[in-house]
Every structure is written in C-alpha cells, then in structure tokens.
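Right, one structure below, let's go through it.
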Amino acid sequence: MNKQLSVGLAVLALAASLTACGGGTGTTTTTTPAAPPATESPTATTTEITTATASETAMVDLKVASSSKGDIVVDGKGMSVYYFTKDVKDSGKSNCTGDCLVAWPPVISATDTPKVEGVTGTVGTIDTPDGKKQVTVNGMPVYLWEKDKAPGDVTGQGVGNVWYLVAPDGEMIK
C-alpha cells in the first residue's frame with residue numbers, strides 16, 4: 001500500500017511540476033490542484049506570468065540593425081526596409097501598385113504612430129488603397145523585398161536603380 005501511495009504522490013508531483021513549467025505563451029491557464037492527502041494541509045499557489053518583453057519587442061514597426069551596407073532600418077522582424085525612388089516625398093501615396101506590391105510589400109503598422117527603436121528619421125504612415133497603414137520615413141513609403149529571406153539580407157539594394165536601403169536618419173543609402 002505504501003509503495004502505491006509513493007508512486008501516486010510521485011506522479012502527482014511530476015504532473016504539478018509539468019503544469020508549472022507549461023506556460024510561456026502569454027496566455028494564462030487556471031488549473032484546479034488535486035486534493036492533498038489527508039495528512040497534509042491545503043496550500044495556495046501563486047504563479048506570476050511576465051509577457052511584456054516578447055510581445056513588446058514584436059510590436060516594434062521599425063528598428064536599426066547592422067548590415068553589410070552599414071546601419072540600416074529594418075522592420076520588427078529584422079528584415080531590410082527599402083525606398084522606391086518613383087515615390088514622391090510627402091505625397092501621401094505609394095507609386096508601387098499591382099505586381100510591384102507582390103515583389104515589394106509595404107511595411108504595415110497597426111497604428112498611425114509606428115513604434116520605432118533607434119530610427120531618427122521622421123516616421124509616420126499613409127493609407128493604402130485597402131485601408132491599411134503603410135509606414136513612411138521622412139515622408140517616403142517603405143517596403144520589404146520578397147527575395148530577402150532572412151534578417152540581414154540586403155539583396156534589394158539597387159534593384160532596377162530605383163530601390164534603396166533606408167538609413168536610420170531617413171536618408172537613402174545609394
């Protein structure tokens with residue numbers, strides 16, 4: 001009987017430790033603890049969950065990163081950001097349409113005031129035809145390049161002599 005009780009308590013302890021370590025997704029799960037054996041008194045357990053760092057970092061629209069071309073502006077996932085020289089500064093619109101937007105998707109923000117880290121150029125947004133907020137730097141819309149596959153890629157630099165990386169101060173890197 002004692003052996004069965006020991007095995008049962010060991011399984012309960014393992015289940016409790018797995019439950020305590022199972023968080024980390026940013027969601028809170030409430031569990032009801034198993035009833036303690038008659039010889040033990042019930043105890044309260046408090047679990048503290050911290051989600052700020054991961055979710056706040058993911059919400060950055062633009063930040064600065066080092067690349068083979070020097071310090072550049074990247075999106076929240078670390079992908080290089082580009083200007084299209086056919087756009088007109090402060091026009092409030094993008095001249096990249098149709099198939100252009102497939103190859104060069106706009107950098108989108110959830111708000112009118114994009115969150116930035118290290119970018120000193122003036123950051124804002126313009127409305128896209130489908131109602132989204134495209135991020136701008138110094139009055140120029142910014143884009144990603146479909147052929148950049150990983151953070152640090154800068155394969156869009158100079159494409160067609162019209163696509164150029166964005167410097168942290170908002171200048172075009174040529």
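Residues checked against (1) exposed (fewer than 10 other Cβ atoms within 10 Å of the Cβ); (2) aromatic (Phe, Trp, Tyr); (3) at pLDDT below 50:
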position: 11; (1), (2), (3): no, no, yes
position: 19; (1), (2), (3): no, no, yes
position: 41; (1), (2), (3): yes, no, yes
position: 60; (1), (2), (3): no, no, no
position: 85; (1), (2), (3): no, no, no
position: 114; (1), (2), (3): no, no, no
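Scanning the range 122-164 for residues that are in contact (Cβ under 8 Å) with a residue 24 or more places away in the chain, more than 14 Å from residue 62 (Cα to Cα) and of a type in the set (Ser, Thr, Tyr) gives 128, 164. Of all the criteria given as (1) within 13 Å of residue 84 (Cα to Cα); (2) surrounded by fewer than 18 Cβ atoms within 10 Å (Cβ to Cβ), the one not satisfied by residue 165 is (2).
Residue 129 satisfies every condition listed in (1) surrounded by 12 or more Cβ atoms within 10 Å (Cβ to Cβ); (2) assigned to a loop (DSSP other than H, G, I, E, B); (3) not small (Gly, Ala, Ser) except (1).
One residue alone among 94, 68 is touching a strand residue (DSSP E or B) at 6+ places or on another chain (Cβ under 7 Å) and at pLDDT 95 or above, and that residue is 94. Can you spot a residue in the range 60-71 that is in contact with a Phe, Trp or Tyr (Cβ under 7 Å, 6 or more places away or on another chain) and either in the same structural domain as residue 136 (by TED's automatic domain parsing) or part of a loop (DSSP other than H, G, I, E, B) (or both)? Looking through the range 60-71, none of the residues is in contact with a Phe, Trp or Tyr (Cβ under 7 Å, 6 or more places away or on another chain) and either in the same structural domain as residue 136 (by TED's automatic domain parsing) or part of a loop (DSSP other than H, G, I, E, B) (or both). The condition of being within 17 Å of residue 64 (Cα to Cα), touching a Cys at 6+ places or on another chain (Cβ under 7 Å) and in the same structural domain as residue 61 (by TED's automatic domain parsing) holds for residue 143.
The values are calculated or read from the model by the stated rules, or taken from the named source; none is laboratory data. Note that the coordinates shown come from a computational prediction; the quantities given were computed from them, not determined experimentally. Glycine also receives a Cβ, built like all others from the backbone with ideal geometry; neighbour counts cover every protein chain displayed.
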